[in-house]
Amino acid sequence: MEEAIIEIKGLQKSFGGFQAVKDVNFTVKKGDVFGFLGPNGAGKSTTMRCMLSLIMPNAGQIRLFGKDLINERNAILSRVGSIVEKPDFYKYLSALKNLELFARISGADVQRKTILKTLDFVGLAGRENDKVSGFSHGMRQRLGIAQTLMHQPELIVLDEPTTGLDPQGIIEVRDLILRLKNEQGKTVILSSHQLSEIELVANRMVIIHKGETLIEGSVSELMNTQQTLLHLEFLDAKSTEAAAFIAKLWPGQDIQITSPKTLQLQIEKSRIAILNQNLVGAGFEIVAIEPKRKLEDFFIQITKS
């Protein structure tokens with residue numbers, strides 16, 4: 001059985017009369033890149049702050065590495081690295097000086113060569129002596145991840161790590177998260193409302209809405225249980241004929257003709273290959289067949305209430 005790194009059960013947190021977290025439950029296993037998903041205001045950041053003991057929950061249980069957070073806080077947090085919101089640095093100091101200072105504050109005995117190696121890992125080799133004031137937002141995010149690694153944590157907690165980044169910056173942070181898992185063996189939990197990014201990096205996920213857990217599980221399994229919006233494009237103006245053919249093949253199928261050469265339909269993933277085979281066998285020349293199903297659609301479906 002895979003080791004549970006994070007176990008959260010029945011978590012609740014209120015601020016005055018506002019209940020930000022009502023009933024959040026999920027488990028993160030060793031080696032996961034775990035997506036913590038929900039719209040703005042769902043309770044993601046509040047849950048993460050409770051998980052890092054930055055704020056105290058009103059009810060529920062938080063266990064990290066099999067230990068109770070309240071009773072063994074120091075032992076637990078020594079094994080955790082985190083970025084909550086955006087990383088902050090002394091802008092007039094260099095990247096190297098910032099990390100050296102953070103290492104001393106955290107009590108970690110980190111050699112300079114280790115810091116330089118970490119800067120190289122996050123893609124900042126050659127910029128170690130540059131002042132942080134000249135860094136782009138994406139570079140600061142990567143420096144923030146380097147900061148979380150100073151004390152060699154086993155668990156990395158990232159709150160909205162790609163917010164405000166340009167497309168290239170998003171790709172760089174995404175690749176870095178995967179390298180943390182694959183090259184360093186870290187367990188990573190990251191919150192986001194950018195669902196397509198989570199789909200690309202996470203192997204497991206939980207979705208919360210209005211302070212409550214809606215669904216948890218393997219990203220691939222959750223996606224495979226859902227129907228796919230399939231887009232078909234034909235070489236000639238055959239969409240009407242193809243729609244009639246599909247309707248005869250599967251009566252009651254929801255089919256939309258989007259142009260003389262294109263149509264789309266909701267279909268189970270397991271049927272896509274069969275559909276393609278039947279259409280080609282019937283003489284239809286297919287230019288493109290593209291599944292449109294994304295995690296965004298899945299999210300909208302389960303949160304529409």
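Give the residue, chosen from 67, 29, 44, 9, that is in the same structural domain as residue 209 (by TED's automatic domain parsing), in contact with a helix residue (DSSP H, G or I) (Cβ under 7 Å, 6 or more places away or on another chain) and either free of Cβ contacts under 8 Å to residues at least 24 places away in the same chain or of a type in the set (D, E, K, R) (or both). Only one candidate passes the filter, namely 67.
Which residue pairs have Cβ atoms closer than 8 Å, lie 6 or more positions apart in sequence or on different chains, and pair a first residue in region 106-133 that is without any contact (Cβ under 8 Å) to a residue 24 or more places away in the chain and within 15 Å of residue 149 (Cβ to Cβ) with a second residue that is acidic (Asp, Glu) and surrounded by 14 or more Cβ atoms within 10 Å (Cβ to Cβ)? Going by the 8 Å Cβ cut-off, the qualifying pairs are 112/100; 116/128.
Restricting region 187-225 to residues that are within 20 Å of residue 84 (Cβ to Cβ) and assigned to a helix (DSSP H, G or I) leaves a set whose member that is modelled with the highest pLDDT is 201. When region 263-294 is filtered for residues that are in contact (Cβ under 8 Å) with a residue 24 or more places away in the chain, in a helix (DSSP H, G or I) and farther than 27 Å from residue 222 by Cβ, the ones remaining, listed by number, are 278, 279. Count of region 75-125 residues, restricted to those that are at pLDDT below 95, among the small types (Gly, Ala, Ser) and more than 24 Å from residue 181 (Cβ to Cβ), is 1.
Reported count of residues in region 146-168, each being part of a helix (DSSP H, G or I), surrounded by fewer than 19 Cβ atoms within 10 Å (Cβ to Cβ) and touching a residue at least 24 places away in the same chain (Cβ under 8 Å), is 1.
Quick check: is even one residue across region 16-23 closer than 21 Å to residue 78 by Cβ and not polar (S, T, N, Q)? Looking through region 16-23, none of the residues is closer than 21 Å to residue 78 by Cβ and not polar (S, T, N, Q). Out of the residues in region 112-132 that are of a type in the set (A, V, I, L, M, F, W, C) and assigned to a helix (DSSP H, G or I), which is surrounded by the fewest Cβ atoms within 10 Å (Cβ to Cβ)? Among them, the one singled out is 116. Screening region 1-63 for strands (runs of 3 or more DSSP E) wholly inside it with 1 or more residues that are under 20 Å from residue 214 (Cβ atoms) and among the polar types (S, T, N, Q) returns the ranges 4-15, 18-29. Inspection of region 250-262 identifies at least one residue that is in a strand (DSSP E or B) and over 12 Å from residue 230 (Cβ atoms). Exactly one residue out of 228, 258 is of a type in the set (Ser, Thr, Tyr) and touching a Pro at 6+ places or on another chain (Cβ under 6 Å), and it is 228. Residues that are surrounded by 13 or more Cβ atoms within 10 Å (Cβ to Cβ) and among the basic types (Lys, Arg): does region 256-264 have at least one? Scanning region 256-264 turns up at least one residue that is surrounded by 13 or more Cβ atoms within 10 Å (Cβ to Cβ) and among the basic types (Lys, Arg).
The values are calculated or read from the model by the stated rules, or taken from the named source; none is laboratory data. Here the structure is a predicted model, which is why all the values come from computation and not from measurement. Cβ: placed from backbone, ideal geometry, glycine included. Neighbour counts: every protein chain shown.
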